[in-house]
Amino acid sequence: MAVNETTERHLADLGQGTEKNVGDSIGGRLSRRSFLSGLGVTSLVAGASPLALAELPAPIDAAASLAEDSAGATVTLLVNGKKYDLGALEARVTLLDALRERLHLTGTKKGCDHGQCGACTVHVNGQRVNSCLTLAVMVAGDEITTIEGIGEPGNLHAMQAAFVEHDGYQCGYCTSGQIMSAVALLKEPVGKTDEDVRHAMAGNICRCGAYPNIVAAVQQVRGITA
Amino acid sequence: MHSFTIERAPSVEKAIGASGKFIAGGTTLVDLMKLGVEEPPALVDITRLPLADVETMPNGGLRIGAMVRNSALAQHSLVIERYPVLSQAILAGASPQLRNMATTGGNLLQRTRCPYFRDPGYENCNKRSPGTGCAAIDGHHRMMAVLGTSEHCIATHPSDMCVAMMALEASILIEGPKGKRTVAIGDFYKLPGTTPHLENALETGELITHVEIPEPARGSGQVYLKLRDRASYEFALASAAVVAQVEAGRVRSVKIALGGVGTRPWRSHEAEAALTGKAASPAYFKAAAEAALKDAKPHEGNAFKVELSRRCLARALKMATA
């Protein structure tokens, strides 16, 4: 979503360590990712305990190596209208891991990793699916759309704008999955009531419990007012 | 996840000749591979096979390709119009995302959600590791089966779609190294007995290509009723699929299947016999429900399922004959 797009840029800025950018992040939109990365930079500078660094998530390069295997087949994915040649990719790499660790499209989130929470929801040929249960090699040649492909800062998808307007999130972790589900729902045969929307959104769990606001956002985009 | 190879099957013939486990939607298989329950060394991707059509047959029935996704089948106009019990059952299961992935053939082979089967941390599971015992019998029984169990396995069959397919008397079309054959869905699923790891009639190399469902009885009432812990996205504690034909207040014919309570999708000929030819009235619905659960063998933690299943069926019968 747009918020993450923005903060990803802050992440790059934070790497340069300019005070202005750090201040912008804290005063504006601060994601968990930029917070953790910022923490890492600060800790290095301050010579803080190495334990704090060890507790940080694995850096992207280390995680990506899990997905590389010379024995794998050559795979090309079509994501958000762009072709990505992934070279050799092990069969066991899920679409979710390929998107995040190889293409660095980190808007798609890993929640349960078992198809139960919906945080990893993307579109394959226009249909919403759980990317955590999809093997990347099996969708080679298909049209894949992620949260990065539906809108961008300054040009939000109507559903992204509605989520912002209705406060359809708290921590934001499930949000990209919620929005990808909600965008797909617009083309599905879903009834008009709030109850219908709740059923249609059942595959996306929000532990913060922003459900009433999410339903309001979806209904607004569908042109249905309470 | 373990390391494995995968190849995309270009044709049914090539798929059958390939050595490896078939993968379609992956909603069960990838999940179980991540858990370490399934560790196939080779997979054969069958999602590109030309088996994604729903066609009417000359005899009035419906032929469904094995690769038709659950969402496409549930939303198909012919299914909604003529087989509402099937549409209702599919839409009662899983989430929209999973239904977009799961296929008709794959759903027939859905594995149990028994937590002891799904967790290799438990060594005792006759379904996962034949001969090791059953952790579920001494464990939590709440979601376990009460019909068709044995002292070796009490795992519940989790599918909703298959329960409707049972009531619709579907046939499963299979192609394999020895040729083509058709198996009635009533003969497809095995009881656990002493071999819980053998779940169905498929033999090595065989592929489900289609499912056929006959034309339903004219003017039949159809209902799939599912009872569960949440209103959505949850497996059944008890469910019932009913296809009933009523004439002048009497049940001329009825097909009944139960979900959430059996070790396989549970057709109840006993309940059908108790109701056929009788008045479509609460007394006979209750009698049919009693007959369906007559042989139930509950454990301490799932005794409630027996009465829940009875009431579920009685209510589904009332709805289907209203």
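The values are calculated or read from the model by the stated rules, or taken from the named source; none is laboratory data. Owing to the predicted nature of the structure, the values given are computational and were not obtained by experimental measurement. Ideal geometry is used to build each Cβ from the backbone, glycine not excepted, and the neighbour counts take in all protein chains shown. The accessibility values were calculated without ligands, DNA or RNA, using every heavy atom of the protein model including side chains. Shrake-Rupley method; radii C 1.70, N 1.55, O 1.52, S 1.80 Å.
In this entry, B:LYS190 passes the filter for residues that are under 30 Å from B:GLY131 (Cα atoms), out of contact with any His (no Cβ under 9 Å at 6 or more places or on another chain) and of a type in the set (Lys, Arg). In this structure, does A:GLU165 turn out to be open to solvent by 30 Å² or more (accessible area, probe 1.4 Å), at the interface with chain B (Cβ under 9 Å from one of its Cβ atoms) and not hydroxyl-bearing (Ser, Thr, Tyr)? No.
Taking residues in the stretch A:97-109 that are open to solvent by less than 30 Å² (accessible area, probe 1.4 Å) and at pLDDT below 95, and partners anywhere that are of a type in the set (D, E, K, R) and not in a helix (DSSP H, G or I), not one pair has Cβ atoms closer than 6 Å while being at least 6 places apart or on different chains.
Among the residues of the stretch A:74-113 satisfying the criterion of being of a type in the set (Asp, Glu) and within 27 Å of B:GLU39 (Cα to Cα), which is farthest from the other protein chains (Cβ to nearest Cβ)?
A:GLU101
In the stretch B:3-15, the residues that are within 7 Å of another protein chain (Cβ to nearest Cβ) reach residues that are assigned to a loop (DSSP other than H, G, I, E, B) and open to solvent by less than 70 Å² (accessible area, probe 1.4 Å) with C-beta atoms within less than 8 angstrom, at least six apart or across chains, in these pairs: B:SER3/A:GLU90; B:SER3/A:ALA91; B:PHE4/A:ALA91; B:PHE4/B:PRO40; B:THR5/A:ALA91; B:THR5/B:GLY20; B:ILE6/A:ALA91; B:ILE6/B:GLY20.
Within the stretch B:292-322, the only residue that satisfies the criterion of being acidic (Asp, Glu) and free of Cβ contacts under 8 Å to residues at least 40 places away in the same chain is B:GLU307. Scanning the stretch B:31-46 for residues that are more than 20 Å from B:LEU108 (Cβ to Cβ), more than 12 Å from chain A (Cβ to nearest Cβ) and at pLDDT 95 or above turns up at least one hit. Only one of the numbered conditions (1) open to solvent by less than 80 Å² (accessible area, probe 1.4 Å); (2) within 23 Å of B:CYS153 (Cβ to Cβ) is not met by B:LEU173, and that is (2). What pairs come up if the first residue lies in the stretch B:46-75 and is on the phi > 0 side of the Ramachandran plot, the second is in a loop (DSSP other than H, G, I, E, B) and among the small types (Gly, Ala, Ser), and their beta carbons are under 6 Å apart, counting only those six or more places apart or on different chains? Correct list of pairs: empty, since none qualify. Restricting attention to the stretch B:76-91, the residues that are touching a residue at least 12 places away in the same chain (Cβ under 8 Å), open to solvent by 20 Å² or more (accessible area, probe 1.4 Å) and more than 12 Å from chain A (Cβ to nearest Cβ) total 4.
How about the stretch B:139-164: which of its residues are among the hydrophobic types (A, V, I, L, M, F, W, C) and either modelled with pLDDT under 95 or part of a loop (DSSP other than H, G, I, E, B) (or both)?
If the condition is that a residue be among the hydrophobic types (A, V, I, L, M, F, W, C) and either modelled with pLDDT under 95 or part of a loop (DSSP other than H, G, I, E, B) (or both), then B:MET143, B:MET144, B:ALA145, B:VAL146, B:ILE154, B:ALA155 are the ones that fit.
For B:ALA184, the conditions (1) open to solvent by 20 Å² or more (accessible area, probe 1.4 Å); (2) over 14 Å from the mean Cα position of the chain (by Cα); (3) farther than 26 Å from B:VAL306 by Cβ; (4) free of Cβ contacts under 8 Å to residues at least 40 places away in the same chain are fulfilled apart from (2).
Within the stretch B:268-295, take every residue that is under 21 Å from B:TYR224 (Cβ atoms) and not in a helix (DSSP H, G or I) and give me the one that is most open to solvent (accessible area, probe 1.4 Å). Selected residue: B:THR276.
Of all residues in the stretch A:114-127, exactly one satisfies the criterion of being surrounded by 24 or more Cβ atoms within 10 Å (Cβ to Cβ), farther than 26 Å from B:THR5 by Cα and within 9 Å of chain B (Cβ to nearest Cβ), namely A:GLY118. Taking A:GLY177 as the residue in question, decide whether it is part of a helix (DSSP H, G or I), under 21 Å from the mean Cα position of the chain (by Cα), closer than 26 Å to A:GLU143 by Cα and not polar (S, T, N, Q). Yes. For the structure I just gave you, tell me whether B:GLY25 is part of a loop (DSSP other than H, G, I, E, B), at negative phi, in contact with a helix residue (DSSP H, G or I) (Cβ under 6 Å, 6 or more places away or on another chain) and crowded, with 24+ Cβ neighbours inside 10 Å. Judged against the criteria, B:GLY25 is a match.
Selection over the stretch B:59-75 of residues that are under 16 Å from B:ALA170 (Cα atoms), out of contact with any helix residue (DSSP H, G or I) (no Cβ under 8 Å at 6 or more places or on another chain) and either within 14 Å of another protein chain (Cβ to nearest Cβ) or open to solvent by less than 10 Å² (accessible area, probe 1.4 Å) (or both) gives a count of 1. B:ALA136 fulfils the conditions (1) more than 13 Å from every other protein chain (Cβ to nearest Cβ); (2) open to solvent by 10 Å² or more (accessible area, probe 1.4 Å); (3) part of a loop (DSSP other than H, G, I, E, B) except for a single criterion, (2).
Among residues of the stretch B:212-264 being touching a helix residue (DSSP H, G or I) at 6+ places or on another chain (Cβ under 7 Å) and not in a strand (DSSP E or B), the one that is surrounded by the most Cβ atoms within 10 Å (Cβ to Cβ) is B:VAL261. Of the candidates A:ASN213, A:ASN204, the single residue that is among the polar types (S, T, N, Q), in a loop (DSSP other than H, G, I, E, B) and either over 15 Å from the mean Cα position of the chain (by Cα) or surrounded by 16 or more Cβ atoms within 10 Å (Cβ to Cβ) (or both) is A:ASN204. Among the residues of the stretch A:179-202, the one identified as polar (S, T, N, Q) and away from every other protein chain (no Cβ under 12 Å) is A:THR193. For the stretch A:71-157, the strands (runs of 3 or more DSSP E) that sit wholly inside it and include 2 or more residues that are closer than 24 Å to B:SER71 by Cα are A:121-124, A:127-130, A:143-145. Taking the stretch B:92-133 as the range and being crowded, with 21+ Cβ neighbours inside 10 Å, free of Cβ contacts under 8 Å to residues at least 40 places away in the same chain and within 14 Å of another protein chain (Cβ to nearest Cβ) as the test, the residues that pass are B:PRO96, B:GLN97, B:ARG99, B:ASN100. Taking the conditions exactly as written (surrounded by fewer than 20 Cβ atoms within 10 Å (Cβ to Cβ) and either out of contact with any Pro (no Cβ under 9 Å at 6 or more places or on another chain) or not aliphatic (A, V, I, L, M) (or both)), does B:THR209 satisfy them or not? So B:THR209 fails the test.
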